[in-house]
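Heads up: the structure comes next, in structure tokens.
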Amino acid sequence: MIKIGKEICFDEGEVCGVQDFRDLTQRLKSRNYESLTLHKRVIKGENHDTVVNPGYDKGIEQVFKAKVLPRKYSF
């Protein structure tokens with residue numbers, strides 16, 4: 001187990017979470033792709049396993065400019 005800041009990775013070199021996400025978005029921005037628009041959001045209280053469904057909801061809201069009704073997820 002490796003601790004990077006407040007994040008805990010289980011294997012060296014494993015994608016760890018928020019910092020890796022920030023690094024990826026920074027790398028993409030630095031390439032200046034003409035048609036690429038990035039919107040990043042770190043969802044407080046979520047982790048790698050639980051962020052998928054709320055992340056999809058936020059993506060749908062962004063793409064369709066519509067509010068997704070809050071819902072409870074079961075995992």
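Figures for the structure shown
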read-out	value
Residue satisfying all of: in the stretch 54-66; in contact (Cβ under 8 Å) with a residue 12 or more places away in the chain and either within 16 Å of Asp20 (Cβ to Cβ) or within 11 Å of the chain's Cα centre (by Cα) (or both); surrounded by the most Cβ atoms within 10 Å (Cβ to Cβ) among these	Pro54
Residue match in the stretch 24-39 (condition: surrounded by 10 or more Cβ atoms within 10 Å (Cβ to Cβ), outside any strand (DSSP E or B) and at pLDDT below 85)	yes
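Conditions tested, residue by residue: (1) on the phi > 0 side of the Ramachandran plot; (2) part of a loop (DSSP other than H, G, I, E, B); (3) out of contact with any Pro (no Cβ under 6 Å at 6 or more places or on another chain).
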| site | (1), (2), (3) |
| --- | --- |
| Ile43 | no, yes, no |
| His48 | no, yes, yes |
| Asp57 | no, no, yes |
| Glu61 | no, no, yes |
| Val68 | no, yes, yes |
| Lys72 | no, yes, yes |
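The values are calculated or read from the model by the stated rules, or taken from the named source; none is laboratory data. Just so it is clear, the structure is predicted and the values come from calculations on it, not from any experiment. Neighbour counts are summed over all protein chains in view; Cβ atoms, including those assigned to glycine, are modelled from backbone coordinates with ideal geometry.
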